[in-house]
Amino acid sequence: MSKYSEIKKITINHLKRMKNDGEKIACLTAYDYTSAKLVDAAGVDLVLVGDSLGMVINGYENTLYVTLDEIIYHTKAVKRGLKRAFLVADMPFGTYHVSEEDAIKNCVRVIKESGAEAVKLEGGKNVASLIKKLVDRGINVMGHIGLMPQYVHSMGGYKIQGREGDEKLIEDALALEDAGVFAIVLEGVVAEVSKKITETVKVPTIGIGAGKDCDGQILVFHDVFGMFDDFVPKFVKRYADVKSVILDGGKKYIEEVKNDVFPSKEHTFFRG
């Protein structure tokens, strides 16, 4: 058993030590109280309220529609379900792209209103200056490079990164580290480049479709448990088929209601 499994509350210091100790960091997304409570009880180290909620919760075609109010609402719910895991909230598209002043105000609002312990921003050198200002103001920041969903249009789709070389990604990772991030998400990055980045930076790297050499891994709750199948990325491994369980249970419920089986006496109140 890992010595970190006994820790009652994970902090950024624990996450940094995990990298130094060679302890893999297990991360998942969550979007409500119940899912947060479950993954926390399972022992996950970090929970991200990702803007992926736009797709798996709200049915948007991409993450660009997610608002700051939506992130705050869901993060508040997740916060109430966590005891141990470190909580990070995604900053939605448009909330840190107009000006650094607006970005700082928005990040402060997320931390203040949602209870998140950190925010996550997509981008490399282009957001390093902003990240430094946030860190200087006491806001923990997680970076995110590689395949960045908020840049889906400018990147020409969801394309795997690093196939044409690693120089830019390494430069971005180093810029984020210098700016003060406590960790960096590497999404959709070829394994060889992810390994090189992980060996180059001193902060933990968290992979999603970026190979096993990252310091940790993150996946979307609904992907891991087989609840969302509109699109299933190659890098997703399903650890449960909750969709089938819900469908079977739903059909059984409908059948019993239609045939006047439910509610039975044991589920009914009577006088006396």
Degrees separating the helix 68-81 axis from the principal Cα axis of the chain, which is the longest one: 70
Would you rank 144, 267, 14 by solvent-accessible area, highest first, keeping every protein chain in place and using a 1.4 Å probe? 267, 14, 144
What whole number of Å gives the distance from the Cα centroid of region 184-213 to the Cα centroid of region 1-54? 18
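Among DSSP beta bridges whose residues both lie in the chain, state the antiparallel percentage, nearest 5.
Details: 1 of 29 bridges.
Antiparallel bridges: around 5 percent, rounded to the nearest 5.
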Given a 10 angstrom Cα cut-off, can you work out which residue in 94, 124, 157 is the most mobile in a GNM of the chain? 157
Only bridges whose two residues both fall in region 57-197 count here: according to DSSP, what percent of them are antiparallel, nearest 5? 10
If amide H atoms are built 1.01 Å from N in the plane of the peptide, which residues on other chains or at least 5 residues away come under 5 Å of the amide H of residue 122? none
Per-residue ellipticity at 222 nm attributable to helices in the chain (runs of n ≥ 4 DSSP H, -39500 (n - 2.57) apiece, nearest 500 deg cm²/dmol) works out to -12000 deg cm²/dmol
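Between rounded, prolate and oblate, where does region 1-145 land on the alpha carbon gyration tensor, with a ≥ b ≥ c its root eigenvalues, rounded for a/c under 1.5, else prolate if a/b exceeds b/c? Display every interim value, and only then the final one.
Values: a/c = 1.88, a/b = 1.28, b/c = 1.47.
Oblate, since a/c reaches 1.5 and b/c is not below a/b.
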With every protein chain in place, what's the accessible area of residue 268 (1.4 Å probe, Å², nearest 10)? 60
Would you mind getting the accessible area per residue of the chain, heavy atoms of the protein chains only, 1.4 Å probe, in Å²? 53
Could you report the accessible area of residue 238 in Å², rounded to 10, computed with a 1.4 Å probe on the protein chains as they sit in the structure? 110
Short version: ³J(HN,Hα) in whole Hz for each residue of region 19-24, in order, from phi by Karplus 6.51 cos²θ - 1.76 cosθ + 1.60 (θ = phi - 60°), x for Gly and Pro, what are they? 4, 5, 8, x, 8, 5
Does anyone have the angle between helix 33-42 and the longest principal axis of the chain? Alpha-carbon axes, 0 to 90°, nearest 10? 70
What shape does the chain have by the C-alpha gyration tensor, where a ≥ b ≥ c are the square roots of the eigenvalues, rounded means a/c under 1.5, and otherwise prolate means a/b greater than b/c and oblate the rest? prolate
Decide, for region 89-168, between rounded, prolate and oblate: order the square roots of the alpha carbon gyration tensor eigenvalues as a ≥ b ≥ c, take rounded if a/c falls under 1.5, and otherwise choose prolate if a/b is larger than b/c, else oblate. prolate
Quick one: net charge around residue 211, please, counting Lys, Arg +1 and Asp, Glu -1 for every other residue with C-beta under 15 Å from its C-beta. +1
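The values are calculated or read from the model by the stated rules, or taken from the named source; none is laboratory data. Worth saying up front: this structure is predicted, and the values here are computed from it rather than measured. Cβ: placed from backbone, ideal geometry, glycine included. Neighbour counts: every protein chain shown. What goes into the accessible areas is simple: the full protein's heavy atoms, side chains included, and nothing from ligands, DNA or RNA. Shrake-Rupley method; radii C 1.70, N 1.55, O 1.52, S 1.80 Å.
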